Amino acid sequence: MVTAIAFTAYGGPDVLHPVEIDLPTPAAGQIRVRVKAAGVNPVDAKLRRGDFAATMPANFPQRLGNEYAGIVDHVGDGVAGFVDGDEVLGSATAQSYCEYVVVDAADAVRKPATMPWTVAAGLPAAGQAAHTALRQIAVNPGDTVLIHAAAGGVGTIAVQLARQWGATVIGTASEHNHHYLRSLGATPVTYGDGLIDRIRALAPDGVDAALDAIGGAAITASLALVRDRHRIGTLVDTEAAKTFGILRVGTRSTAALTELVAMYEEGRLQIPIHATFSLTQASRAHHEVQTGHVRGKVVLTVD
């Protein structure tokens, strides 16, 4: 038996608790990974609260965790390219808060020896979402791009990618994160009343594209500032995408993750770790994520 984190009813962070499950066995084309660290994302908290209950109901006891880093310890039939002992990172679906995960080998990427486990676990979901989202809203050299929640996990990576792709970036964030955003190459702007006017003052020639990671007022501002709605992407607000004809963005791409890992190795990508907690402290990690003031990633470590 192995330890995983699950919940049996919707609620606050304290509904999370350890459970014992059978050690999973990989099928053909899969690998089993002994998890060293797992990323914690805002979407995990939304699932735990029941935000998606109408469209994606939980299967109690419901597990969580969409990104992991660890060591291959069992290779399924037909897998080429990985052997026991390889260090890897990648995406999973609601299972990474666990001592072991089974994933498709095609979705795993080798972890560089110089990449810490916490960084490796914090990159896959946020990195793939940021990379594919910016491609979907067609960010190009010379563009001015607005990134909402720019200091968070996805935002941190999106800012760096957009800058390296030749765009000017305006990032929304609370004031205590403004210095941080400047260090990444973005021009920061504070949330709240008057946001649209503040952005117009920073971008008198207009905003070409926008990436939203929070919904609500961010959607309103983006609609007011971006001429082409097909260049507004939201990672979180499916209803707004349907209502206003903007894009629901942030898909997975192993090719994108491979590129991001290479960028990290070359020193062109930072993955700041805001806080780490042990696997059994998942509820504390969720409390931290829900503060809304996370800079970079929150990660669970597994002994």
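Label region 175-303 by shape, choosing from rounded, prolate and oblate, from the square roots a ≥ b ≥ c of the eigenvalues of the Cα gyration tensor; if a/c is under 1.5 it is rounded, and otherwise prolate applies when a/b is larger than b/c, oblate when it is not.
prolate
Students often check this: by mean Cβ neighbours within 10 Å, which of 270-277, 16-23 ranks highest, and how do the rest follow? Could the numbers behind the result be given before it?
Details: 270-277: 18.1, 16-23: 13.8.
So the peptides 270-277, 16-23, ranked by packing, come out 270-277, 16-23.
So if we plug the beta-carbon distance of residue 77 and residue 23 into 1/(1 + (r/R0)^6) with R0 = 22 Å, what FRET efficiency do we get, rounded to 0.05?
Efficiency at R0 = 22 Å is approximately 0.80.
Under the rule of -39500 (n - 2.57) per DSSP H run of 4 or more residues, summed and divided by the residues of the chain, what mean residue ellipticity at 222 nm is obtained, to the nearest 500 deg cm²/dmol?
On the way: 10 runs with 90 residues, N = 303.
After summing the helix terms and dividing by the residues of the chain, the value is -8500 deg cm²/dmol.
With a 10 Å radius around each residue's Cβ, average the other Cβ atoms per peptide and rank 137-144, 167-174, 59-66, highest first.
Numbers: 137-144: 16.2, 167-174: 23.1, 59-66: 18.9.
Highest-to-lowest ranking by the protection proxy: 167-174, 59-66, 137-144.
Provide the percentage of antiparallel DSSP beta bridges, counting only those with both residues in the chain; round to the nearest 5.
Details: 32 of 54 bridges.
Of all bridge pairs located within the chain, approximately 60 percent are antiparallel.
Evaluate the distance, in nm, between pseudo-label points positioned 7 Å from the Cα of residue 229 and of residue 196 along their respective Cα→Cβ axes.
1.5 nm
Pulled fully out, how much extra length does the chain show between residue 140 and residue 220, if you take 0.36 nm times their separation in residues and subtract their Cα-Cα distance?
The residue 140-residue 220 span can extend by a further 26.5 nm.
Using the Karplus curve 6.51 cos²θ - 1.76 cosθ + 1.60 with θ = phi - 60°, work out ³J(HN,Hα) for each residue of region 294-303 in order, rounded to whole Hz, and write x for Gly and Pro.
Values per residue, Gly and Pro as x: 6, 10, x, 10, 9, 9, 9, 10, 10, 5 Hz.
For the chain, what is one quarter of the convex hull surface built on the Cα atoms, given in nm²? Please list the in-between numbers first.
On the way: hull surface 60.2 nm².
Its Cα hull, projected and averaged over all orientations, spans 15.1 nm².
Please work out whether region 236-303 counts as rounded, prolate or oblate from its C-alpha gyration tensor, where a ≥ b ≥ c are the square roots of the eigenvalues and a/c under 1.5 means rounded, while otherwise a/b larger than b/c means prolate and anything else oblate?
Details: a/c = 2.28, a/b = 1.18, b/c = 1.93.
In terms of gyration-tensor shape, oblate.
Kindly express, to the nearest 10 degrees and within the range 0 to 90, the angle between helix 124-136's C-alpha long axis and the longest C-alpha principal axis of the chain.
With both axes taken from Cα atoms, the answer is about 40 degrees.
Classify region 127-248 from the C-alpha gyration tensor, please: rounded if a/c falls under 1.5, else prolate or oblate depending on whether a/b exceeds b/c.
Values: a/c = 1.30, a/b = 1.14, b/c = 1.14.
Rounded, since a/c falls under 1.5.
Report the full-extension gain for the segment residue 8 to residue 281: residue separation times 0.36 nm, less the Cα-Cα distance, to one decimal in nm. Don't skip to the answer; put the middle values down first.
Details: separation 273, 0.36 × 273 = 98.28 nm, distance 1.69 nm.
That works out to 96.6 nm of additional length.
If you take the charge dipole of region 127-248 about its Cα centre, with +1 on Lys and Arg Cβ and -1 on Asp and Glu Cβ, which of 154, 186, 140 is farthest toward its positive end?
Of the options given, the answer is 140.
Apply the Karplus curve 6.51 cos²θ - 1.76 cosθ + 1.60, θ = phi - 60°, to the phi angles in region 20-25 and return the couplings in whole Hz, x for Gly and Pro.
Per residue, the Karplus-derived 3J(HN,Hα) values read 9, 10, 5, 4, x, 10 Hz.
Any read-out appearing in this document is the output of simple, stated calculations on the displayed coordinates, not a laboratory observation. From a predicted model like this one, the values you see are computed outputs, not experimental measurements. Reconstructed Cβ throughout: ideal geometry from the backbone, glycine too, with neighbour counts over all protein chains shown.
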